[in-house]
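What follows is a single structure, written as structure tokens, with notes after it.
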Amino acid sequence: MDESKPTLVLNHISKTFGDFTAVSDLSLQVKPGRVFGLIGPNGAGKTTTIRMIVNIMVPDTGSIELLGQRMTNALQDRIGYLPEERGLYKKMKVGEQLRFFAELKDVTGKEADARIDKWLAKLQLSDWKEKRTKELSKGMQQKVQFITSVIHDPDLLILDEPFSGLDPVNVDIMKDTILELRNTNKTIILSTHQMEIAEKLCDDVCMINRSHKVLDGKLREIRRSFSRNAVALQFEGEDGLLNDPELVASMRRVGEDLEVLLVPGGNPQTLLKRLVESGVVISKFELVEPTLHDIFIEKVREVA
Amino acid sequence: MKKLFAVVKREYVQRVRTKFFVIATILGPVLMGAFTVVPALMFGMKSGGPTRVVIIDQTGKLYSRVARELQTGRERPSKRETPRPPLQPAVGPGASREQIKQAGRMTEASFVIEEAHLGDRSLEEVKKDLESRIQRHDIDGYVILPPDLLKDGRPEFRARNAADVFTRENVENAIGKAVRSQRLVDAGIKEEAVQQASEPVDLKSVGETGQESKGEAGFFLALGMGIWIYMSVLLYGQVVLGAVIEEKETRIAEILFSSMRSFPLMMGKLIGVSLVALTQMGIWGAAFLAFSAWAAGGSSINLPHVAPIVFVYLGMFFLMGYFIYSTVYAVVGSMVTTTQEGGQLAMPVVLMLVAGFFLSFNIIRNPNSTLAFWASMFPFFAPITMLVRIVTETPPLWQILLSLVIGFATAIGLIWLASRIYRVGMLMTGKKATIPEVMRWIRQS
């Protein structure tokens, strides 16, 4: 098991607004050096959870610990936050803007200037430092916003939908930056409803739906545990052996593929071997891993 | 503390640098002057030369007196009176009514008088004739002095422009004086005695120090300061409202709250904008001082004398009013989604400021009444009412200090309360908050 201490611990936190329960009895641990995906559909309670983590809101019950201490305002400086709804002062110059947000995080003077220049260069924005924010494209503004969340070198970085509105080139820059930060042992929480992105970037995921946690753990393990023991096939020839009820539970056509669901405990290797032996020409043989999307749908159905 | 300073700095620097600030600072005094002087001048100004009036004197005695009164103006040169300086335009709200009146007189004092004799025509015929001359713009009006004028008759004045009150007043005064003098002469009093007897009295009103003080100037100074506080509190309240709504709309609030508590955030914002206001006032104050220094050396403009301490009070009561009302504006801004909505919601509070302003009319007349005392202790009225008291009849120092303490304590309490609403309100988007919701926010946060 992972030996490192969790950066962030949520202990049974709940939050209600009037009659509406936004987050219900949520517990999780987020470890350093990993990208933690907080996934779920819109309105599931992700933003409220994040707002409690960054101490904008206080949970009604339960507690939040960051770096082993109970959450306080002082600890806010250890968190970097890129909210889903971006917010920048339109009339301020990019440099001034970053300087202001750095000061809000207690990074001042030459140190702040140096970091601003470093980050602007890294995200290819150096030429825009003296420009007013409103002159920037949406994608550029987004990168500026991202810098405001990392300028103070936080231990915990929370990114709420960081890729929305970015073009493919910038998506790659952003991804690389996130992974780079992860490799320097930062803790990153990535909140998104885009499962494909979470799938590519996250080490751990927590799924929430309608204020409840439905799933939590290492992405690889989750996927394995949800593996339906299915194989996607393309071949030419006699398919009689697929009718063996001892091996195949069911079949269906998925586009060009024939998706074969094996019986519980059935070994895909056996299927492959028998296919080869039967003399058919195999052009594709692939184990089907469930996508996060599939897992999510399944999980939600289960709860409902 | 550092974070609060960062907020103050941002608010200040970003605002002072704007073109709007520069323009407003330069244009402010110009506009203010323009708004008081120009209407006065326009009102008084009579373009198109002297007023041509025809007099029909049916008494047979009064024409020369009335004509003389009209042509020399109502103020006959007198031994006691130093010649008045050539009339200067009234400056600022402190300009006295007398000055404005004079401005009026100055510009249209000239009359061209002509006598019309009835001869063997009837009055109606002559009137008809004169009427047609008025239509032709040959004359501007005519006066009929009826035969029984010296007893109880009423003179008639027909003018093309019936709304020209200056001319009307001049004509009325001239006839009045002429009739009074004629009555005295008819009663057997010598012409010179009559002249002497009708010398006007020049009332000298003195202030606390025994120096001559201009009552009217004091009145307008008090009123002017009241208006000024009222306007600037509203103006900068709107600035705060706009700033808060911007942060709410652009969702900057979320980042701000993830970095600092709402109390220092709100405090920083209010202080930042207040410094902008003080900077602007500093510039205006300096300009005013420079102007009065220039005025003192040679120019005939006399500005009402104001003790320097009054400016200190002015600044303090402005700040007090600003912090109280801007806090309310900030809360309102956090509850609404658009500036228009904000304006509506802030209305009841603005009415308090208006009430304070109207109370000051009473307070100017009775600065030490019980009403004045309580009105100047109530923090929502005090910025205007206490200042008016200070300018009219300075109350004991303890009252001023007490008013300031109550006011600033109220402001701090409000900011504290407001920052709790602010924090929740700023994160709510899409709809206007209701009062019960707000009460819940206060309890919850």
ask   = Among the listed residues B:THR392, B:THR410, which satisfies the condition of being under 23 Å from the mean Cα position of the chain (by Cα), touching a residue at least 24 places away in the same chain (Cβ under 8 Å) and open to solvent by 30 Å² or more (accessible area, probe 1.4 Å)?
value = B:THR392
Spans of strands (runs of 3 or more DSSP E) in segment A:197-304 with at least 3 residues among the aromatic types (Phe, Trp, Tyr) and open to solvent by less than 30 Å² (accessible area, probe 1.4 Å) = none
inquiry  = Quick check on this structure: which one of B:MET386, B:MET352, B:MET347 is in contact with a Phe, Trp or Tyr (Cβ under 8 Å, 6 or more places away or on another chain), open to solvent by 40 Å² or more (accessible area, probe 1.4 Å) and assigned to a helix (DSSP H, G or I)?
reply    = B:MET352
ask   = Quick one: which helices (runs of 4 or more DSSP H) sit completely within segment B:1-80 and have at least 3 residues that are away from chain A (no Cβ under 14 Å) and modelled with pLDDT of 75 or more?
value = B:19-44, B:63-72
message = Regarding segment A:90-107, can at least one residue be identified that is over 20 Å from B:VAL244 (Cβ atoms) and touching a strand residue (DSSP E or B) at 6+ places or on another chain (Cβ under 7 Å)?
response = yes
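Looking at A:GLU85, is it more than 29 Å from the chain's Cα centre (by Cα) and facing chain B (nearest Cβ under 10 Å)?
Numbers: more than 29 Å from the chain's Cα centre (by Cα): no; facing chain B (nearest Cβ under 10 Å): yes.
No; evaluated as a whole, the condition is false for this residue.
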ask   = Among the residues of segment A:119-134, which ones are within 26 Å of the chain's Cα centre (by Cα) and of a type outside the set (A, V, I, L, M, F, W, C)?
value = A:LYS122, A:GLN124
query = For segment B:413-429, how many residues meet the condition of being within 14 Å of another protein chain (Cβ to nearest Cβ) and open to solvent by 10 Å² or more (accessible area, probe 1.4 Å)?
reply = 6
ask   = Among (1) among the hydroxyl-bearing types (Ser, Thr, Tyr); (2) open to solvent by 20 Å² or more (accessible area, probe 1.4 Å); (3) modelled with pLDDT of 85 or more, which single condition is B:TYR236 missing?
value = (2)
ask   = List the pairs whose first member sits in segment A:98-115 and is farther than 12 Å from B:PHE5 by Cα, whose second member is crowded, with 20+ Cβ neighbours inside 10 Å and among the aromatic types (Phe, Trp, Tyr), and whose Cβ atoms are under 8 Å apart, counting only residues at least 6 apart or on separate chains?
value = A:LEU98/A:TRP119
inquiry  = Suppose we filter segment A:97-118 for residues that are open to solvent by 20 Å² or more (accessible area, probe 1.4 Å) and part of a helix (DSSP H, G or I); how many remain?
reply    = 9
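A quick yes/no check of all residues on (1) within 13 Å of chain B (Cβ to nearest Cβ); (2) over 25 Å from A:THR7 (Cα atoms):
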position	(1), (2)
A:ARG99	yes, yes
A:ARG115	no, no
A:HIS152	yes, no
A:GLU180	no, no
task = Search segment A:18-35 for residues that are within 14 Å of chain B (Cβ to nearest Cβ) and pair each with any residue that is open to solvent by less than 60 Å² (accessible area, probe 1.4 Å) and part of a loop (DSSP other than H, G, I, E, B) when their beta-carbon atoms are under 9 Å apart and the residues are at least 6 apart or on different chains.
result = A:PHE20/A:SER211; A:ALA22/A:GLY45; A:ALA22/A:SER211
inquiry  = Can you confirm whether A:GLY165 is open to solvent by 60 Å² or more (accessible area, probe 1.4 Å) and within 24 Å of the chain's Cα centre (by Cα)?
reply    = yes
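Could you run through segment A:50-65 and say how many residues are over 21 Å from A:PHE146 (Cα atoms) and either basic (Lys, Arg) or more than 13 Å from chain B (Cβ to nearest Cβ) (or both)? Reasoning before the result, please.
Of all residues in segment A:50-65, those over 21 Å from A:PHE146 (Cα atoms) come to A:57-65.
Okay, now just the ones that are also either basic (Lys, Arg) or more than 13 Å from chain B (Cβ to nearest Cβ) (or both), so A:61-65.
Number of matching residues: 5.
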message = Quick check on segment B:179-196. Is at least one of its residues surrounded by 14 or more Cβ atoms within 10 Å (Cβ to Cβ), in a helix (DSSP H, G or I) and modelled with pLDDT under 80?
response = no
inquiry  = Can you tell me which condition A:GLY40 does not meet? The list is (1) over 30 Å from A:SER137 (Cβ atoms); (2) more than 14 Å from every other protein chain (Cβ to nearest Cβ), and all the others hold.
reply    = (1)
ask   = Any residue at all in segment A:248-268 that is touching a strand residue (DSSP E or B) at 6+ places or on another chain (Cβ under 9 Å) and closer than 24 Å to A:THR49 by Cα?
value = no
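The values are calculated or read from the model by the stated rules, or taken from the named source; none is laboratory data. Not measured: the values here are computed from a predicted model. Heads up, the Cβs are rebuilt from the backbone with ideal geometry, glycines too, and the neighbour counts pull from every protein chain shown. When the accessible area is computed, the model is the full protein with side chains, heavy atoms only, and any ligands, DNA or RNA have been set aside. Shrake-Rupley method; radii C 1.70, N 1.55, O 1.52, S 1.80 Å.
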